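Participant: Following this message is one structure expressed as structure tokens.
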Amino acid sequence: AKEKSAIFIIFGGSGDLAHRKLYPSLFRLYKSKVLKDHFAVIGTARRPWSDDYFRETVITSLEDYFDDDKEIMEEFAKHFFYQSHDVNDSEHYIALKNLAGKLDDQFEAGHNRVYYMAIAPRFFGTVAEHINSEGLKTKDGYNRLVIEKPFGRDLDSACELNGNISKAFPEDDIYRIDHYLGKEMVQDIPNIRANNPKLEQALNNKYVSNIQVTLAESIGVEDRGGYYETAGVLRDMIQNHVMQIIGAIASDDPKAKEAKVIHKNKCDLFASLKELSPEEVDTEFVRGQYDTDKTGEKKAYRQEDNVAEDSNIETFVAGKIEFNTDRWSGVPFYVRSGKRMPDKSSRIDIVLNDKVKELGIRPNSVVTLLIEKEDGNSILINGLNYKDAGQDFIEFPEEAEFDNAREAYESLIIDILSGNRVHFTLWDELRSTWKYIDTIRERWDSQTPEFPNYISGTMGPDAAEMLLERDGNSWIWD
Ligand code: BG6
């Protein structure tokens, strides 16, 4: 990509997300010269830091990820500036505006602004409105608003948030992040489908027995107990990441190139989610919460910091999702995500039926897309690297082109700077997925689960196995 110019204003610039994800990604872009001379980063947060101190924190966090010479990090850090900021104080926005203007002149940043919300979600709306009312937006460059998750905690709060930001920014300038959409395999799914006609021909209820999406993590909630208590894995992973993965694999027309068309296909798919009745929630979804591990060394969820001793928040979920479309009706999408599972694994298993014979595919084959490519095998057929599987219905770009080292955030930032909204979520998609998730949440909130119900380091509660066995199926990853 060619050099981009912009002033980034990072709200929450002293925070964890900024230091762990954004600054390392910006640094990679700096090294690849996508960011070179014409950019600056303003970090804002409440605490009163100097530019120098801010730069030091940036360099310190870079040192965790890179072993480049300190000199290049220092050059990079010269583009960083700090402004202490109270989100409710209008004066502070004026100060920000002036600083951004000054840096724009100094770095010739083309009057482009990226407003990045890396703060607590309850401030998203306030900040967006102030950016607008205090006149931070430039006239002759772009003004893009980047929103981190969580985008609401249910349909109502998401609606309210969306209402607030929409008053300040037109939809086309809003970039809602789902970092799974920045992952290379997820981005490649449409290409894989478009380039492998037999696979694409098989992707419907005539040939698919079921599709399984697993986002398993081996870690617990770590130091995020406070946030997690307001979320749970249903909100943290299913409503967003899992749904978006399903969107990539199941929406129509993978050849579509235009953002508008791609988004419409995804919106249509999510609009056809088969709603659950409260009673169906009991049979189609399973929740779990981790206990200590076999040795008793690890903390149970209820013992984690900032977690209530009697918390009913789920750290594991498995469920069966269906769609009311001609293409997919009758095909179960089994989804599963949890903390403290045996391994970190993000994968899609497409279980084909015996009719695929007529397409020249061995009956009952399983095609697995590994979202994280730890071992070089990113597509498996029946558990083998697709090249060694003895069936040739899948071709995939050379391994070299598939560079897993690239951070999801890096590619998303390039998209933001290029005005490419394909890999961001639209409000319509969120509305449908929240609506679906709310039914589950409401049912669960009305019942008291028997938690904890799975040992750390296992595959979750037994009920997660039963969910598939009942249909004569089983998890491919187990
Ligand atoms: C985040 C969740 O969105 O995704 C975390 O809030 C989770 O709880 C993380 O750990 C997983 O992302 P990745 O990229 O490590 O699979």
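Participant: Rounding to the nearest 10 and keeping the result within 0 to 90°, find how far the Cα-based axis of helix 51-63 lies from the longest principal axis of the chain.
Facilitator: Once rounded, the angle reads 30 degrees.
Participant: Sticking with this one: Determine the share of the chain's accessible area contributed by carbon and sulfur atoms, expressed in whole percent, with a 1.4 angstrom probe. Mind showing how you got there, number by number?
Facilitator: Values: 9060 of 20070 Å².
Of all accessible area on the chain, carbon and sulfur atoms account for 45 percent.
Participant: Test of understanding: what is the full-extension gain from SER157 to ILE72, defined as 0.36 nm times their sequence separation minus their Cα-Cα distance?
Facilitator: Details: separation 85, 0.36 × 85 = 30.60 nm, distance 4.32 nm.
Here the answer is 26.3 nm.
Participant: With a sphere of radius 13 Å drawn around the Cβ of ARG153, what net charge do the other residues whose Cβ falls strictly inside it have (Lys, Arg +1; Asp, Glu -1)?
Facilitator: On the way: positive: ARG122, LYS149, ARG235, ARG441; negative: ASP154, ASP156, GLU160, GLU229, ASP236, ASP438, GLU442, ASP445.
Taking every other residue near ARG153 into account, the sum is -4.
Participant: Multiply the residue separation of ASP326 and THR126 by 0.36 nm, subtract the distance between their alpha-carbon atoms, and state the gained length in nm to one decimal. Before the final figure, lay out the partial values.
Facilitator: Numbers: separation 200, 0.36 × 200 = 72.00 nm, distance 4.27 nm.
Gain in length upon complete extension: 67.7 nm.
Participant: Okay, next question. From the C-alpha gyration tensor of segment 176-263, pull out the three semi-axes of the equivalent ellipsoid (sqrt of 5λ each), sorted largest to smallest, in whole Å.
Facilitator: Over the Cα atoms of segment 176-263, the semi-axes work out to 29, 15, 11 Å.
Participant: Can you run phi through the Karplus equation (6.51, -1.76, 1.60; θ = phi - 60°) for segment 334-349 and list ³J(HN,Hα) in whole Hz, with x for Gly and Pro?
Facilitator: 8, 10, 7, 8, x, 8, 6, 8, x, 9, 7, 8, 10, 7, 10, 10
Participant: When the solvent-accessible surface of protein heavy atoms is calculated with a 1.4 angstrom probe, in what order do PHE27, PHE66 fall, highest first? List each step's numbers first, then the result.
Facilitator: Working: PHE27 0, PHE66 25 Å².
Listed by decreasing accessible area, they come as PHE66, PHE27.
Participant: Sorting THR57, THR44 by accessible area (1.4 Å probe), largest first, what list results? The partial results should precede the final answer.
Facilitator: Working: THR57 25, THR44 0 Å².
Order by accessible area, largest first: THR57, THR44.
Participant: Related question: Give me the accessible area per residue for segment 4-148, probe 1.4 Å, as a whole number in Å². Please list the in-between numbers first.
Facilitator: On the way: 6280 Å² over 145 residues.
Solvent-accessible surface per residue comes out at 43 Å².
Participant: With a probe of 1.4 Å, find how much accessible area segment 279-407 has per residue, and write the answer as a whole number in Å².
Facilitator: Working: 5780 Å² over 129 residues.
Computed with neighbouring chains in place, this is 45 Å² per residue.
Participant: Further question on the same structure: Once you've got the Cα coordinates, tell me which of LYS320/LYS435; LYS206/LYS255; LYS344/LYS435; LYS198/LYS255; LYS339/LYS435 are over 19 Å apart.
Facilitator: Result: LYS206/LYS255; LYS344/LYS435; LYS339/LYS435 exceed 19 Å.
Participant: Averaged over every viewing direction, what's the projected area of the C-alpha convex hull for segment 262-373? Give it in nm², one decimal, please. Could you put the intermediate results ahead of the total?
Facilitator: Working: hull surface 45.3 nm².
Averaged projected hull area, Cα only: 11.3 nm².
Participant: Moving on. Helix 124-133 versus the longest principal axis of the chain: what angle, 0 to 90°, nearest 10, using Cα atoms?
Facilitator: 40
Participant: For segment 4-148, what does the relative contact order come out to in percent, with C-alpha contacts under 8 Å and a separation of six or more?
Facilitator: 32
Participant: I would also like to ask the following. Heavy-atom accessible area of TRP49 with all protein chains present, probe 1.4 Å, nearest 10 Å²?
Facilitator: Ignoring ligands and nucleic acids, TRP49 comes out at about 50 Å².
Participant: Say each of ASP343 and ASN98 gets a label point 7 Å from the Cα, pointing the same way as Cα to Cβ; how far apart are those two points in nm?
Facilitator: Distance between label points: 5.7 nm.
Participant: Mean shadow of segment 127-240, computed from the convex hull of its alpha carbons, in nm²?
Facilitator: Values: hull surface 45.2 nm².
In nm², the orientation-averaged hull projection of segment 127-240 is 11.3.
Participant: Rounded to the nearest 10 degrees, what's the angle between the helix 427-445 long axis and the longest principal axis of the chain, both from Cα atoms, 0 to 90?
Facilitator: For helix 427-445, the angle is close to 60 degrees.
Participant: How big is the chain along each principal axis, measuring the range of its Cα positions in Å and listing the largest first?
Facilitator: 65, 51, 43
The values are calculated or read from the model by the stated rules, or taken from the named source; none is laboratory data. This structure is a prediction, so every number in the text was calculated from the model and none was measured. When we count neighbours, we look across all protein chains shown, and the Cβ atoms used for this are built from the backbone with ideal geometry, even at glycine. Note: accessible area is taken over every heavy atom of the protein model, side chains too, but ligands, DNA and RNA are not part of it. Shrake-Rupley method; radii C 1.70, N 1.55, O 1.52, S 1.80 Å.
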